[in-house]
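Down below is the structure, laid out as structure tokens.
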Amino acid sequence: MLRRSMVKLIFGLMLFTQAVNLLIFTAAGLTRGQPPIVPPGATAVPAPYADPLPQALILTAIVISFGMLAFALALTRRGFLAMQTDDLDRLGRDAPE
């Protein structure tokens, strides 16, 4: 991610977001159990049950990261078409006034 190329930066960010998703998933632990549904007549979910919160967080993170990736790719393409480079140093230095 420390390279000057915007494409390499975007790929690095994409890998980083997937690593965070895996971290959340593994931190929650894998529980092979029933879905968290309270049976009729009971007051609580019987154990063992799978926790849906980490799955919901990861799904939300995937959707947000996909939107950010699409925006970053569109911005990179537009910057490349305007400046004919994807070097971050040249983009800041050669910007039109």
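Scanning the stretch 1-40 for residues that are part of a loop (DSSP other than H, G, I, E, B), touching a strand residue (DSSP E or B) at 6+ places or on another chain (Cβ under 9 Å) and either closer than 30 Å to THR85 by Cα or not β-branched (Val, Ile, Thr) (or both) yields a total of 4.
For the stretch 60-79, check the following and say yes or no: at least one residue is out of contact with any helix residue (DSSP H, G or I) (no Cβ under 9 Å at 6 or more places or on another chain), surrounded by 12 or more Cβ atoms within 10 Å (Cβ to Cβ) and not in a helix (DSSP H, G or I). Within the stretch 60-79 (the criterion being out of contact with any helix residue (DSSP H, G or I) (no Cβ under 9 Å at 6 or more places or on another chain), surrounded by 12 or more Cβ atoms within 10 Å (Cβ to Cβ) and not in a helix (DSSP H, G or I)), the answer is no, since none of the residues qualifies.
Within the option set GLN34, GLN55, GLN84, being surrounded by fewer than 10 Cβ atoms within 10 Å (Cβ to Cβ) and of a type outside the set (A, V, I, L, M) holds for one residue only, GLN84.
Values quoted throughout were computed directly from the atomic coordinates according to the rules given, and no laboratory measurement underlies them. Computed from a predicted structure; not experimentally measured. Quick reminder, even Gly has a Cβ in these numbers, built from the backbone with ideal geometry, and neighbours come from all protein chains shown.
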